[in-house]
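*Asks:* Before I ask anything, here is the structure I am working with.
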Amino acid sequence: MKSIITPVLEDISNTYLKDQLLRNFGNAEDDFRTIEDTFRLLTSSAHDPEKLNVFFHSWSMTNNSAMTVAGLSNRLTMLVHKNRPVQDEALLLRSITSLNRIVDEDLGVVGGVLHKDIYYKMATHFCKGDEWMQMRYLTPEAREFKSWKDRNSLKEMDLVTGLLTTVVHEIYTHGEVEYILPLFEQWLETQEGITGRDAQVILAWIIVHTGPTEKNHFYHAIHAVEQYTQSMGIRLEDYDLQEIIRNYMQRKAATMASIAAVLQPNYELN
(Lines give C-alpha, C1' and ligand atoms only; values in the text may rest on other atoms or scores of the structure.)
Protein backbone atom coordinates (compact mmCIF):
# COMPACT_ATOMS: atom_id res chain seq x y z
CA MET A 1 0.00 0.00 0.00
CA LYS A 2 2.78 2.42 0.83
CA SER A 3 4.19 2.05 -2.67
CA ILE A 4 0.76 3.03 -4.04
CA ILE A 5 0.29 6.19 -1.99
CA THR A 6 3.90 7.44 -2.11
CA PRO A 7 3.79 8.67 -5.75
CA VAL A 8 0.60 10.59 -4.99
CA LEU A 9 2.18 12.22 -1.94
CA GLU A 10 5.27 13.17 -3.93
CA ASP A 11 3.05 14.94 -6.46
CA ILE A 12 1.32 17.40 -4.12
CA SER A 13 2.46 21.01 -4.24
CA ASN A 14 2.22 21.82 -0.52
CA THR A 15 5.79 21.11 0.53
CA TYR A 16 5.03 21.10 4.25
CA LEU A 17 2.21 18.58 4.01
CA LYS A 18 4.17 16.50 1.51
CA ASP A 19 7.14 16.17 3.87
CA GLN A 20 4.91 15.41 6.87
CA LEU A 21 2.91 12.75 5.03
CA LEU A 22 5.88 11.06 3.38
CA ARG A 23 7.92 10.89 6.59
CA ASN A 24 5.17 9.66 8.89
CA PHE A 25 3.58 7.15 6.52
CA GLY A 26 7.14 5.97 5.85
CA ASN A 27 7.43 5.11 9.55
CA ALA A 28 4.31 2.90 9.46
CA GLU A 29 5.72 -0.09 7.59
CA ASP A 30 4.80 -2.59 10.31
CA ASP A 31 1.21 -1.34 10.33
CA PHE A 32 0.97 -1.55 6.54
CA ARG A 33 2.29 -5.11 6.71
CA THR A 34 -0.31 -6.15 9.31
CA ILE A 35 -3.11 -4.70 7.21
CA GLU A 36 -1.88 -6.27 3.98
CA ASP A 37 -1.42 -9.66 5.67
CA THR A 38 -5.05 -9.55 6.82
CA PHE A 39 -6.37 -8.88 3.33
CA ARG A 40 -4.20 -11.69 1.95
CA LEU A 41 -5.46 -14.04 4.65
CA LEU A 42 -9.04 -13.10 3.84
CA THR A 43 -8.70 -13.66 0.10
CA SER A 44 -6.50 -16.76 0.21
CA SER A 45 -9.30 -19.24 0.94
CA ALA A 46 -12.99 -19.74 1.71
CA HIS A 47 -14.23 -18.75 5.17
CA ASP A 48 -17.27 -19.52 7.26
CA PRO A 49 -19.94 -16.84 6.69
CA GLU A 50 -20.00 -16.14 10.43
CA LYS A 51 -16.35 -15.11 10.29
CA LEU A 52 -16.96 -13.05 7.17
CA ASN A 53 -19.71 -11.25 9.08
CA VAL A 54 -17.01 -10.02 11.46
CA PHE A 55 -14.78 -8.92 8.60
CA PHE A 56 -17.37 -6.93 6.67
CA HIS A 57 -18.96 -5.26 9.71
CA SER A 58 -15.68 -4.35 11.37
CA TRP A 59 -13.92 -3.31 8.16
CA SER A 60 -16.83 -1.02 7.29
CA MET A 61 -16.17 0.95 10.47
CA THR A 62 -12.75 1.94 9.14
CA ASN A 63 -13.84 3.07 5.70
CA ASN A 64 -17.37 4.42 6.22
CA SER A 65 -16.66 8.12 6.75
CA ALA A 66 -19.08 10.11 4.58
CA MET A 67 -21.27 11.16 7.48
CA THR A 68 -18.21 12.14 9.52
CA VAL A 69 -16.93 14.38 6.73
CA ALA A 70 -20.41 15.87 6.31
CA GLY A 71 -20.52 16.55 10.04
CA LEU A 72 -17.13 18.25 9.92
CA SER A 73 -18.40 20.42 7.06
CA ASN A 74 -21.41 21.39 9.19
CA ARG A 75 -19.05 22.43 11.98
CA LEU A 76 -17.33 24.83 9.57
CA THR A 77 -20.67 26.40 8.59
CA MET A 78 -21.47 26.90 12.29
CA LEU A 79 -18.63 29.44 12.47
CA VAL A 80 -20.71 31.77 10.32
CA HIS A 81 -24.04 30.74 11.83
CA LYS A 82 -22.80 31.64 15.31
CA ASN A 83 -20.96 34.77 14.16
CA ARG A 84 -17.54 33.46 15.17
CA PRO A 85 -14.52 35.54 14.05
CA VAL A 86 -13.50 34.63 10.49
CA GLN A 87 -10.87 36.61 8.61
CA ASP A 88 -12.02 35.61 5.13
CA GLU A 89 -15.53 34.18 4.75
CA ALA A 90 -15.06 33.63 1.00
CA LEU A 91 -12.10 31.36 1.71
CA LEU A 92 -14.07 29.58 4.41
CA LEU A 93 -16.83 28.91 1.88
CA ARG A 94 -14.24 27.49 -0.53
CA SER A 95 -12.98 25.21 2.25
CA ILE A 96 -16.51 23.93 2.91
CA THR A 97 -16.99 23.46 -0.83
CA SER A 98 -13.79 21.41 -1.09
CA LEU A 99 -14.78 19.31 1.92
CA ASN A 100 -18.21 18.56 0.46
CA ARG A 101 -16.67 17.29 -2.78
CA ILE A 102 -15.19 14.40 -0.81
CA VAL A 103 -18.61 12.90 -0.12
CA ASP A 104 -20.45 13.52 -3.40
CA GLU A 105 -20.15 9.92 -4.58
CA ASP A 106 -20.81 8.40 -1.16
CA LEU A 107 -24.03 10.34 -0.74
CA GLY A 108 -25.29 9.69 -4.26
CA VAL A 109 -24.84 13.29 -5.47
CA VAL A 110 -22.73 11.93 -8.34
CA GLY A 111 -24.20 8.87 -10.07
CA GLY A 112 -27.31 8.75 -7.91
CA VAL A 113 -26.20 5.63 -6.02
CA LEU A 114 -25.54 5.59 -2.29
CA HIS A 115 -22.23 3.86 -1.66
CA LYS A 116 -23.60 2.22 1.46
CA ASP A 117 -25.98 0.32 -0.82
CA ILE A 118 -23.24 -1.14 -3.00
CA TYR A 119 -21.20 -2.02 0.08
CA TYR A 120 -24.29 -3.83 1.35
CA LYS A 121 -24.53 -5.81 -1.88
CA MET A 122 -20.85 -6.81 -1.75
CA ALA A 123 -20.88 -7.82 1.91
CA THR A 124 -24.19 -9.64 1.62
CA HIS A 125 -22.91 -11.65 -1.34
CA PHE A 126 -19.82 -12.90 0.48
CA CYS A 127 -21.63 -13.44 3.80
CA LYS A 128 -24.61 -15.22 2.18
CA GLY A 129 -26.99 -12.86 3.94
CA ASP A 130 -27.06 -9.55 5.78
CA GLU A 131 -26.50 -10.79 9.31
CA TRP A 132 -23.10 -9.06 9.05
CA MET A 133 -24.88 -5.79 9.89
CA GLN A 134 -25.51 -6.90 13.48
CA MET A 135 -23.47 -5.11 16.13
CA ARG A 136 -22.25 -8.38 17.65
CA TYR A 137 -19.90 -8.76 14.68
CA LEU A 138 -18.05 -5.56 15.52
CA THR A 139 -14.64 -6.08 17.13
CA PRO A 140 -13.67 -3.74 19.99
CA GLU A 141 -10.70 -2.53 17.95
CA ALA A 142 -12.94 -1.53 15.03
CA ARG A 143 -15.27 0.31 17.40
CA GLU A 144 -12.32 2.17 18.90
CA PHE A 145 -10.96 3.14 15.47
CA LYS A 146 -14.32 4.66 14.49
CA SER A 147 -14.70 6.39 17.86
CA TRP A 148 -11.22 7.91 17.64
CA LYS A 149 -11.73 9.15 14.08
CA ASP A 150 -15.15 10.61 14.90
CA ARG A 151 -13.75 12.36 17.98
CA ASN A 152 -11.11 14.04 15.85
CA SER A 153 -13.65 15.31 13.34
CA LEU A 154 -16.76 15.95 15.41
CA LYS A 155 -15.64 16.71 18.97
CA GLU A 156 -12.06 18.02 18.87
CA MET A 157 -12.28 21.78 19.40
CA ASP A 158 -9.52 22.55 16.89
CA LEU A 159 -11.12 21.98 13.49
CA VAL A 160 -7.71 21.67 11.84
CA THR A 161 -7.32 18.30 13.58
CA GLY A 162 -10.45 17.01 11.88
CA LEU A 163 -9.39 18.37 8.50
CA LEU A 164 -5.93 16.79 8.78
CA THR A 165 -7.46 13.48 9.87
CA THR A 166 -9.55 13.64 6.69
CA VAL A 167 -6.39 14.21 4.64
CA VAL A 168 -4.78 11.13 6.20
CA HIS A 169 -7.87 8.98 5.74
CA GLU A 170 -8.37 9.85 2.07
CA ILE A 171 -4.81 9.08 0.97
CA TYR A 172 -4.71 5.88 3.03
CA THR A 173 -8.00 4.73 1.50
CA HIS A 174 -6.63 5.31 -1.99
CA GLY A 175 -3.81 2.89 -1.24
CA GLU A 176 -6.12 0.32 0.32
CA VAL A 177 -8.68 0.05 -2.46
CA GLU A 178 -6.01 -0.12 -5.15
CA TYR A 179 -4.22 -2.86 -3.21
CA ILE A 180 -7.26 -5.03 -2.50
CA LEU A 181 -9.07 -4.94 -5.85
CA PRO A 182 -6.94 -7.62 -7.56
CA LEU A 183 -7.06 -9.73 -4.38
CA PHE A 184 -10.85 -9.65 -4.29
CA GLU A 185 -11.10 -10.34 -8.02
CA GLN A 186 -8.88 -13.40 -7.67
CA TRP A 187 -10.84 -14.48 -4.58
CA LEU A 188 -14.13 -14.38 -6.47
CA GLU A 189 -12.70 -16.25 -9.43
CA THR A 190 -10.94 -18.94 -7.37
CA GLN A 191 -13.73 -19.60 -4.87
CA GLU A 192 -16.82 -19.04 -6.99
CA GLY A 193 -15.69 -18.93 -10.61
CA ILE A 194 -17.09 -15.41 -10.97
CA THR A 195 -15.34 -13.08 -13.41
CA GLY A 196 -16.08 -10.24 -15.82
CA ARG A 197 -19.24 -8.19 -15.49
CA ASP A 198 -20.64 -10.34 -12.69
CA ALA A 199 -17.51 -9.73 -10.61
CA GLN A 200 -17.67 -6.00 -11.32
CA VAL A 201 -21.22 -5.84 -9.99
CA ILE A 202 -20.26 -7.62 -6.76
CA LEU A 203 -17.10 -5.56 -6.27
CA ALA A 204 -18.62 -2.25 -7.34
CA TRP A 205 -17.92 -0.63 -3.96
CA ILE A 206 -14.19 -1.26 -4.33
CA ILE A 207 -14.09 -0.44 -8.03
CA VAL A 208 -15.80 2.96 -7.74
CA HIS A 209 -13.16 4.04 -5.23
CA THR A 210 -10.19 3.08 -7.41
CA GLY A 211 -8.55 5.21 -10.09
CA PRO A 212 -9.01 8.96 -9.64
CA THR A 213 -11.83 8.82 -7.08
CA GLU A 214 -9.91 8.61 -3.80
CA LYS A 215 -6.98 10.58 -5.20
CA ASN A 216 -9.36 13.43 -5.99
CA HIS A 217 -10.88 13.14 -2.52
CA PHE A 218 -7.37 13.48 -1.11
CA TYR A 219 -6.72 16.60 -3.17
CA HIS A 220 -10.04 18.08 -2.03
CA ALA A 221 -9.04 17.35 1.58
CA ILE A 222 -5.72 19.13 1.02
CA HIS A 223 -7.51 22.14 -0.43
CA ALA A 224 -10.02 22.17 2.44
CA VAL A 225 -7.37 22.40 5.16
CA GLU A 226 -5.31 24.95 3.21
CA GLN A 227 -8.34 27.18 2.60
CA TYR A 228 -9.62 26.84 6.16
CA THR A 229 -6.33 27.76 7.80
CA GLN A 230 -5.94 30.74 5.46
CA SER A 231 -9.51 31.89 6.16
CA MET A 232 -8.84 31.83 9.91
CA GLY A 233 -5.30 33.23 9.85
CA ILE A 234 -3.85 29.94 11.15
CA ARG A 235 -0.36 28.70 10.32
CA LEU A 236 -0.65 25.16 8.94
CA GLU A 237 3.06 24.73 9.61
CA ASP A 238 2.35 24.83 13.35
CA TYR A 239 0.69 21.39 13.08
CA ASP A 240 2.55 18.09 13.26
CA LEU A 241 0.87 15.13 11.55
CA GLN A 242 2.95 12.53 13.40
CA GLU A 243 0.39 11.83 16.12
CA ILE A 244 -2.58 11.71 13.72
CA ILE A 245 -0.86 9.33 11.29
CA ARG A 246 0.56 7.14 14.05
CA ASN A 247 -2.84 6.86 15.73
CA TYR A 248 -4.61 6.24 12.45
CA MET A 249 -2.25 3.52 11.28
CA GLN A 250 -1.87 1.78 14.65
CA ARG A 251 -5.63 1.71 15.22
CA LYS A 252 -6.30 0.54 11.67
CA ALA A 253 -3.67 -2.20 12.02
CA ALA A 254 -5.12 -3.25 15.39
CA THR A 255 -8.56 -3.51 13.81
CA MET A 256 -7.30 -5.65 10.96
CA ALA A 257 -5.30 -7.84 13.35
CA SER A 258 -8.46 -8.44 15.39
CA ILE A 259 -10.23 -9.51 12.20
CA ALA A 260 -7.31 -11.74 11.18
CA ALA A 261 -7.55 -13.55 14.51
CA VAL A 262 -11.20 -14.36 13.77
CA LEU A 263 -10.38 -15.61 10.28
CA GLN A 264 -7.89 -18.18 11.58
CA PRO A 265 -9.16 -21.78 11.12
CA ASN A 266 -9.04 -22.62 14.83
CA TYR A 267 -10.90 -19.51 15.99
CA GLU A 268 -14.37 -20.10 17.41
CA LEU A 269 -16.95 -17.34 17.59
CA ASN A 270 -18.88 -17.02 20.84
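*Asks:* Output the number of residues of the range 189-214 satisfying the condition of being surrounded by fewer than 18 Cβ atoms within 10 Å (Cβ to Cβ) and closer than 25 Å to THR15 by Cβ.
*Replies:* Residues meeting the conditions: 1.
*Asks:* What is the residue count in the range 211-270 for residues that are at positive phi and free of Cβ contacts under 8 Å to residues at least 12 places away in the same chain?
*Replies:* Selection size over the range 211-270: 1.
*Asks:* Also, I was wondering about something else. Could you tell me which numbered condition ARG136 fails, if it satisfies all but one of (1) closer than 22 Å to MET256 by Cβ; (2) basic (Lys, Arg); (3) touching a residue at least 12 places away in the same chain (Cβ under 8 Å)?
*Replies:* With respect to (1) closer than 22 Å to MET256 by Cβ; (2) basic (Lys, Arg); (3) touching a residue at least 12 places away in the same chain (Cβ under 8 Å), ARG136 is out only on (3).
*Asks:* Considering every residue within the range 90-111, establish whether at least one is under 30 Å from LEU263 (Cα atoms) and either out of contact with any Gly (no Cβ under 7 Å at 6 or more places or on another chain) or open to solvent by 30 Å² or more (accessible area, probe 1.4 Å) (or both).
*Replies:* Looking through the range 90-111, at least one residue is under 30 Å from LEU263 (Cα atoms) and either out of contact with any Gly (no Cβ under 7 Å at 6 or more places or on another chain) or open to solvent by 30 Å² or more (accessible area, probe 1.4 Å) (or both).
*Asks:* Restrict the check to the range 35-53 and report whether at least one residue is open to solvent by less than 50 Å² (accessible area, probe 1.4 Å), within 27 Å of VAL110 (Cα to Cα), in contact with a Cys (Cβ under 7 Å, 6 or more places away or on another chain) and touching a residue at least 60 places away in the same chain (Cβ under 8 Å).
*Replies:* The answer is no, given that none of the residues of the range 35-53 is open to solvent by less than 50 Å² (accessible area, probe 1.4 Å), within 27 Å of VAL110 (Cα to Cα), in contact with a Cys (Cβ under 7 Å, 6 or more places away or on another chain) and touching a residue at least 60 places away in the same chain (Cβ under 8 Å).
*Asks:* Residues being of a type outside the set (A, V, I, L, M), in contact with a helix residue (DSSP H, G or I) (Cβ under 8 Å, 6 or more places away or on another chain) and not in a helix (DSSP H, G or I): count how many of those fall in the range 230-243.
*Replies:* Residues that pass the stated criteria total 3.
*Asks:* Please state which one of THR255, THR173, THR213 is modelled with pLDDT under 95, among the β-branched types (Val, Ile, Thr) and assigned to a helix (DSSP H, G or I).
*Replies:* Checking each option against the conditions leaves just THR213.
*Asks:* I would also like to ask the following. I need the full set of residues from the range 252-270 which are of a type in the set (Ser, Thr, Tyr) and surrounded by fewer than 18 Cβ atoms within 10 Å (Cβ to Cβ), in order please.
*Replies:* Residue satisfying the conditions is TYR267 alone.
*Asks:* Here is a further query. Search the range 137-153 for residues being crowded, with 18+ Cβ neighbours inside 10 Å and acidic (Asp, Glu), and hand back the single one that is nearest to THR68 (Cα to Cα).
*Replies:* ASP150
*Asks:* Sticking with this structure for a sec: For GLN227, indicate whether it is assigned to a helix (DSSP H, G or I), open to solvent by 20 Å² or more (accessible area, probe 1.4 Å) and touching a Lys or Arg at 6+ places or on another chain (Cβ under 7 Å).
*Replies:* For GLN227, the condition - assigned to a helix (DSSP H, G or I), open to solvent by 20 Å² or more (accessible area, probe 1.4 Å) and touching a Lys or Arg at 6+ places or on another chain (Cβ under 7 Å) - is met.
*Asks:* When the residues of the range 154-170 are filtered to those that are in a helix (DSSP H, G or I) and open to solvent by 50 Å² or more (accessible area, probe 1.4 Å), which remaining residue is farthest from ILE118 (Cα to Cα)?
*Replies:* Of everything passing the filter in the range 154-170, LYS155 is farthest from ILE118 (Cα to Cα).
*Asks:* Could you please find all residues in the range 233-251 being over 15 Å from THR166 (Cβ atoms) and either under 17 Å from the mean Cα position of the chain (by Cα) or buried (at least 20 other Cβ atoms within 10 Å of the Cβ) (or both)?
*Replies:* If the condition is that a residue be over 15 Å from THR166 (Cβ atoms) and either under 17 Å from the mean Cα position of the chain (by Cα) or buried (at least 20 other Cβ atoms within 10 Å of the Cβ) (or both), then ARG246, MET249, GLN250, ARG251 are the ones that fit.
*Asks:* Can I ask one more? Any idea which of (1) in a helix (DSSP H, G or I); (2) of a type in the set (D, E, K, R); (3) surrounded by fewer than 21 Cβ atoms within 10 Å (Cβ to Cβ) is the one ASP31 doesn't satisfy?
*Replies:* Looking at each condition in turn, ASP31 falls short on (3).
The values are calculated or read from the model by the stated rules, or taken from the named source; none is laboratory data. Predicted model, so just to flag it, every value in this text is computed and none were measured. Glycine also receives a Cβ, built like all others from the backbone with ideal geometry; neighbour counts cover every protein chain displayed. With ligands, DNA and RNA removed, areas are computed over all heavy atoms of the protein, side chains included. Shrake-Rupley method; radii C 1.70, N 1.55, O 1.52, S 1.80 Å.
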